[in-house]
Amino acid sequence: QVQLVESGGGLVQAGGSLRLSCAASGTIFSINTMGWYRQALGKQRELVATITSGGNTNYADSVKGRFTISRDNAKNTVYLQMNSLKPEDTAVYYCKADLVVSYSRNYPLPYWGQGTQVTVSS
């Protein structure tokens, strides 16, 4: 019933920009922390950026100053604006959201998007 739908991935040249979006749909009572993670080939999945329900953000050092995470609570959507992209940013990017999806079970559970490929060519 609840799912996260991502969009915005693709192929871009080094120095270019992409904007990822992730919209949560279904019966959702509240959305807590949302974030973006990525996993490159042969690498472990790593945190890229998170944003709390209050708007506090956290970034990996490798993307700080280049990426911006934001959210639109009215649209149940989190965004990742990626500027000055580098080949090392190439990875599958996953959206994550901590969601409360039940009135009787009033605690957040992690939900993940399907992943979207971002490829940065040199």
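Each value in this text was obtained by applying a stated rule to the coordinates, not by laboratory testing. Here the structure is a predicted model, which is why all the values come from computation and not from measurement. Heads up, the Cβs are rebuilt from the backbone with ideal geometry, glycines too, and the neighbour counts pull from every protein chain shown.
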Worksheet entry | Most to least packed among 89-100, 24-35, 42-53 [average Cβ atoms within 10 Å] | 89-100, 24-35, 42-53
Worksheet item: Under 18 Å from the Cα of LYS64, which lysines turn up, not counting those fewer than eight places away in the same chain?
Response: LYS86
Response to the item:
With R₀ set to 35 angstrom, the calculated FRET efficiency between the beta-carbons of LEU41 and LYS75, to the nearest 0.05, is 0.60
Response to the item:
Once normalised by the length of the chain, the mean sequence separation of its alpha carbon contacts under 8 Å that are 6 or more apart gives a contact order in percent of 35
Worksheet item: Picking from ARG38, ARG105, ARG19, which is most flexible by a Gaussian network model of the chain using Cα springs under 10 Å?
Response: ARG105
Practice prompt. Let me know the charge dipole size of the chain about its Cα centre in debye, to the nearest 20, where only the beta-carbon of Lys, Arg (+1) and Asp, Glu (-1) is charged.
Written response: 20
Worksheet item: At a Förster distance of 35 Å, what's the computed FRET efficiency of ASN106 paired with ASN58, Cβ-Cβ distance as r, to 0.05?
Response: 0.90
Practice prompt. Mind telling me which of GLY16, GLY65, GLY54 comes out most flexible in a GNM of the chain, alpha-carbon contacts under 10 Å?
Written response: GLY54
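Can you give the local net charge around LYS43? Use residues other than it whose beta-carbon is closer than 15 angstrom to its beta-carbon, Lys and Arg +1, Asp and Glu -1.
Working: positive: ARG38, ARG45, LYS86; negative: GLU46, GLU88, ASP89.
Counting the neighbours of LYS43, the net charge comes to 0.
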